[in-house]
1. Would you be so kind as to identify which of Ile103, Thr57, Ser78 lies farthest towards the positive end of the dipole of the stretch 25-111, taking Lys and Arg as +1 and Asp and Glu as -1 on Cβ and the Cα centre as origin?
2. Obtain the nm distance between the two label points defined at Val137 and Thr57 by a simple spin-label model: each point lies 7 Å from its Cα along the Cα-to-C-beta direction.
3. Zone of Val13 (label point 7 Å along Cα→Cβ, backbone N under 19 Å): which residues in the stretch 35-79?
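Any read-out appearing in this document is the output of simple, stated calculations on the displayed coordinates, not a laboratory observation. Keep in mind that what you see is a predicted model, and the values were worked out from it rather than measured. Don't worry about glycine lacking a Cβ; one is built from the backbone with ideal geometry, like all the others, and counts go over all protein chains shown.
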Amino acid sequence: MAPLMPCLPFCGVVDNDTDGDGLTDSQETGLGLSSNDESDVQNITIQGTRYYLIDTTQDGIYDSCYYPPSNLYPCSYSSSEYLIDIDGDTEWDYLYSPVTTSIRPYTNGQDNSDSEGFPLMYIIIIVVVIVGVVGVVVFLLYRYGYIGIEEELVYETPEQPQQPIQPQQPEDLLGPEDPLDFER
Ligand SMILES: [Ca+2]
Ligand SMILES: [Ca+2]
Ligand SMILES: [Ca+2]
């Protein structure tokens, strides 16, 4: 009789991913998926986290978003794209396109009642930033003397220099010369 081989941990319970779609056979069984059909699971990565779109009804359209081990989030197919709610708050968060396999945030107004207020908030922020920047620039220009408050120029009429008073010559005090003096 051959000796019994010691069974390693998890011996005989290896959970294979038979169809290679990213979920193990036991996971697929638990979700009502086929472990022999890779088309019923599509893995997607949102903000670095791996999620799985799953087709539990086998109709070719994913009906839920699965986040292991036990979270199932709503998923809805609309206009060739999937709307995904990854936090279960009943508001769509992302759009996934199976054609381009791209994922982008869902910002269509219908998803978040607050979204209509975002543009006005952005405008206010932009205006405040612009005003702040202009204010700082003006302050710096003023601070370093590139601009300044223009002083009122006063043009004063220069005073006319006073004519110096010429001292009177002694001859002037004698009066007109008498022409007869030469004859004397
Ligand atoms: Ca699988
Ligand atoms: Ca499968
Ligand atoms: Ca959500």
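1. Looking along the dipole axis, the top candidate is Ile103.
2. So the label points at Val137 and Thr57 sit 5.8 nm apart.
3. What the label zone holds, given the 19 Å backbone N cut-off, is 69-70.
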